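The values are calculated or read from the model by the stated rules, or taken from the named source; none is laboratory data. Here the structure is a predicted model, which is why all the values come from computation and not from measurement. In this analysis, Cβ positions are derived from the backbone assuming ideal geometry, glycine residues included, and neighbour counts consider all displayed protein chains. Note: areas computed on protein heavy atoms with side chains; ligands, DNA, RNA excluded. Shrake-Rupley method; radii C 1.70, N 1.55, O 1.52, S 1.80 Å.
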Amino acid sequence: MESAAENRRPYGMLLLGALVLAAGVLLARQWLPEWQTWRLPHEAAFEERHRETAGRLGVRLSPDAPRTRLVVSDDTVGDVRWTAGDASVAELEALGAGLKIEVVREGTLAGDAPARQLGIDFSPSGRPLQLAWMKRVPSLVFEGAKEPASPEVVERVAAGVLAPGETLADPSEKRGASGLEMRYDLPGTRPPQHLLAQPLPGGNIVVTRGAGSVEEAARRGEGQSVAGELLKALPRFLAFLVVVVLFFALLFKRRIDFVNGLFLGAISFVASAATLFSHPDPLALLEIAVPALFVALWVVLIWSTGESLLRSTDSSFTTSLDTLRAGRLGPRGGRALLYGLSLGAALGGLRLAVLAGAAALPGLAPGASSVPLPAFAADHSPFSTGILIAAEVMLIVACARRLLAPRWAVAAAIIVGALLVEPVPLQPFAAAFVANLVTVGLLVWLGRRFGLTALLTASIAVYLLPTVVLAASALHWLPVTFAVTAGTTAGVLVLGFVGLRRPGRVELERLAPPRFMRRLEEERRIKYEMDLLARMQLGLLPADVPAVPGWDIAARSLLATEAGGDLYDFLLDDAGHLWIAAGDVAGHGYSCSIVQAMTTAALTSLIGPGKSPAEVLLGVDRVIRRGGSHRNFTSLTLLRLDPGTGEAVLANAGHPYPLALAEGTVEELEIPGLPLGQGPRRQYRDVDLQIPPGGALVLCSDGLFEAVNWESAPYGFDRPREVLRTLEERPAAEILETLLADWKRHVSAEAPPDDTTVVVIKRAAFDRSVTVT
């Protein structure tokens with residue numbers, strides 16, 4: 001029952017999203033100039049105006065059919081208002097904001113031998129907005145050394161942008177980025193307007209109509225300083241550097257997966273390069289395909305980085321994109337698609353409403369067109385734009401989760417996303433920040449609630465659905481755009497409904513995670529097991545050293561990076577002897593810890609009155625041979641001490657020789673013996689010794705002597721003897737701490753490859769006859 005209710009809920013969300021989108025479209029048609037599609041004449045009207053303009057200029061057009069298309073102007077409402085002030089929708093449209101119609105046809109100009117393309121941009125009312133007299137080959141690249149057109153030819157071409165009744169004032173010349181620029185006021189125009197004529201190398205000319213007078217346009221240019229533009233671009237540049245560093249860091253660690261990124265990058269490239277079909281010019285490969293390729297590569301980079309970072313941060317992270325690619329769409333994926341489409345429709349409607357309100361209210365202005373046209377271009381395809389927004393939101397959330405505490409991560413991600421992602425372009429900054437904060441917040445919530453598929457679908461739908469509506473309102477101009485965008489929307493709906501009706505078991509079987517995730521899971525498993533082994537190893541060591549009157553004992557075992565096999569133990573037999581064992585099981589891991597436990601258990605069971613250390617070692621050897629790993633051998637020193645007399649018996653099975661401190665000297669007790677557990681049967685011998693009052697015996701594992709510093713120089717055997725020679729009068733704990741402190745200074749920041757264990761047994765200097773109580 002609950003599953004059925006969950007599957008019905010997307011229907012209501014779709015209806016709500018459609019209503020919000022419809023409300024946004026109504027406001028956009030009222031206040032945004034790019035939505036005034038009902039006043040568009042047929043293509044033939046603009047082609048006729050193109051022929052008339054060419055005739056006035058003296059251009060003889062080729063017999064080829066013109067290329068005509070509907071686009072959105074690069075000039076925004078905010079750009080026009082900067083100089084024209086508040087203007088009606090019709091005035092904004094006449095000044096170049098909103099829709100424009102591009103008509104391009106090749107021809108020759110009297111007195112200008114080479115054939116060029118005459119491209120004219122018209123407002124929907126038929127007023128020329130821009131005229132370009134250009135060769136098919138980019139002049140600035142291939143003809144930079146050739147002289148630009150003469151002022152007479154420039155003025156002649158500029159006259160082609162004049163509407164009936166308009167005249168050119170005297171030109172003012174200014175050196176611009178591309179060379180000498182000529183500016184003409186247009187007396188009598190309301191609101192005031194001017195023309196900017198740019199004679200380019202090779203005889204190419206571009207003439208553009210602009211809002212305001214020449215003087216106002218100059219002031220506007222002065223207000224837009226290079227430093228200011230660089231400052232605005234700085235956050236995006238820093239974000240780009242962060243993405244690149246993260247990408248290569250993950251790549252270096254082999255913690256990145258490209259499958260979904262490559263899939264989305266391919267979609268982005270196809271959508272961004274679709275205009276190649278309407279541009280048969282060979283140079284379209286350079287002008288369209290190359291930028292589209294860069295956009296696709298950026299999609300691959302940022303999506304792969306964000307998704308891989310999420311996966312590596314959260315081992316339980318999954319995405320229904322994997323099931324979608326595998327053809328295993330089920331209810332979870334279906335709900336993600338429909339919820340994403342619903343929220344995308346609602347956000348698209350809200351975005352249109354906010355931009356329409358900004359166009360209607362004083363002090364506010366849209367920072368870009370609400371629906372860029374052509375819809376499939378490298379810099380503003382609804383697919384590439386939506387994919388990038390989803391990828392940026394995902395990456396910001398992943399970084400916040402990695403760097404911040406969970407209670408701060410989401411809020412920080414939303415704030416940073418509002419500053420960097422900017423899905424709602426507005427002026428001024430404060431208004432844009434509030435609108436983007438709400439939009440990014442909803443996208444983050446959707447991604448956290450329904451997954452990456454829902455986030456991706458919503459981000460694309462924000463731009464795709466308004467494009468569907470705009471293309472439908474100008475169907476005779478945008479039939480291909482409508483077919484692609486509406487078809488995509490219908491496809492998402494169908495997939496969503498199919499997923500809802502399929503049984504949930506199709507998604508239950510887990511897909512194989514990316515290879516790097518399988519490797520990370522294995523590393524996490526091994527680390528967890530090593531931690532368990534390390535805790536078990538520490539648990540086998542005595543919790544405290546024994547308190548023996550007349551004796552001072554200290555011991556410590558320092559674990560290496562993996563679970564090793566160092567051990568020490570203290571046992572008291574019924575005869576009052578104190579047994580002290582120090583050993584090391586070779587290797588790391590499970591088998592090492594098992595042999596360590598076996599050794600400790602064998603010592604506990606074999607030690608007793610009447611036994612000598614050599615006999616006990618033989619018994620331990622039999623135990624290890626029977627149940628231990630053939631890859632592990634064990635070194636072990638075993639001391640039987642009579643606390644009352646200081647007499648001791650020592651046997652050694654391959655462990656580093658003990659160090660004896662007495663009367664200012666340090667002597668190495670050379671007691672050879674083979675390690676336990678491997679090789680032929682062997683015998684061990686007992687060595688009698690006497691620990692005098694004030695004397696000490698130090699047992700060390702090989703981890704102390706073999707540890708190296710950054711120059712690969714081992715700590716060695718001489719240095720500990722020099723340290724111990726000065727410590728005879730010190731307590732056992734101080735002897736141990738001083739020795740380990742000197743050892744740590746030697747290894748510095750280097751991680752020791754093996755465990756290090758030190759046991760110090762010191763006899764009190766004043767007590768010559770004590771017994772154990």
>> Tell me the Rg and the Dmax, in Å, that the Cα atoms of segment 404-462 produce.
In response: 11.8, 33
> Once the piece of chain linking ALA601 and LEU262 is laid out straight, how much longer is it, given 0.36 nm per residue of separation minus the C-alpha distance between them?
Replying inline: 116.3 nm
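For ARG402 and TYR11, what is the calculated FRET efficiency with R₀ set at 51 Å and r taken between the beta-carbons, to the nearest 0.05?
On the way: r = 37 Å, r/R0 = 0.73.
The value I calculate is 0.85.
Applying 1/(1 + (r/R0)^6) with R0 = 22 Å to the Cβ-Cβ distance of ARG681 and LYS611, what FRET efficiency is obtained, to the nearest 0.05? Walk me through the intermediate numbers first.
Values: r = 19 Å, r/R0 = 0.86.
That gives a FRET efficiency of 0.70.
Just flag the chymotrypsin sites (Phe, Trp or Tyr not before Pro) in segment 651-750 sitting in loop per DSSP whose Cβ has no more than 12 other Cβ atoms within 10 Å. Don't skip to the answer; put the middle values down first.
Details: sites: TYR684, PHE705, TRP710, TYR715, PHE717, TRP743; in loops: TYR684, TRP710, TYR715, PHE717.
The qualifying sites are TRP710.
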>> Between VAL434 and ALA326, how high is the FRET efficiency from 1/(1 + (r/R0)^6) when r is the Cβ-Cβ distance and R₀ = 51 Å? Nearest 0.05.
In response: 0.80
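So if each residue of separation counts as 0.36 nm, and I subtract the Cα-Cα distance between ARG745 and ARG502, what length gain in nm does that give? The partial results should precede the final answer.
Values: separation 243, 0.36 × 243 = 87.48 nm, distance 6.56 nm.
Net length gain for the segment: 80.9 nm.
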> What's the carbon and sulfur percent of segment 316-420's accessible surface, probe 1.4 angstrom, rounded to a whole number?
Replying inline: 69 percent
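Want the number for ALA765 to GLU706: 0.36 nm per residue separation, take away the alpha-carbon distance, what's left? Don't skip to the answer; put the middle values down first.
Details: separation 59, 0.36 × 59 = 21.24 nm, distance 3.24 nm.
Once the chain is fully extended between ALA765 and GLU706, it gains 18.0 nm.
How many Å² of accessible area per residue for segment 18-65, probe 1.4 Å?
Numbers: 2650 Å² over 48 residues.
I get 55 Å² per residue for this part.
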> Between GLU52 and GLN690, how many nm apart are label points set 7 Å from Cα along the C-beta direction?
Replying inline: 12.8 nm
>> Just to confirm, what accessible area per residue do you get for segment 286-445 at 1.4 Å probe, in whole Å²?
In response: 35 Å²
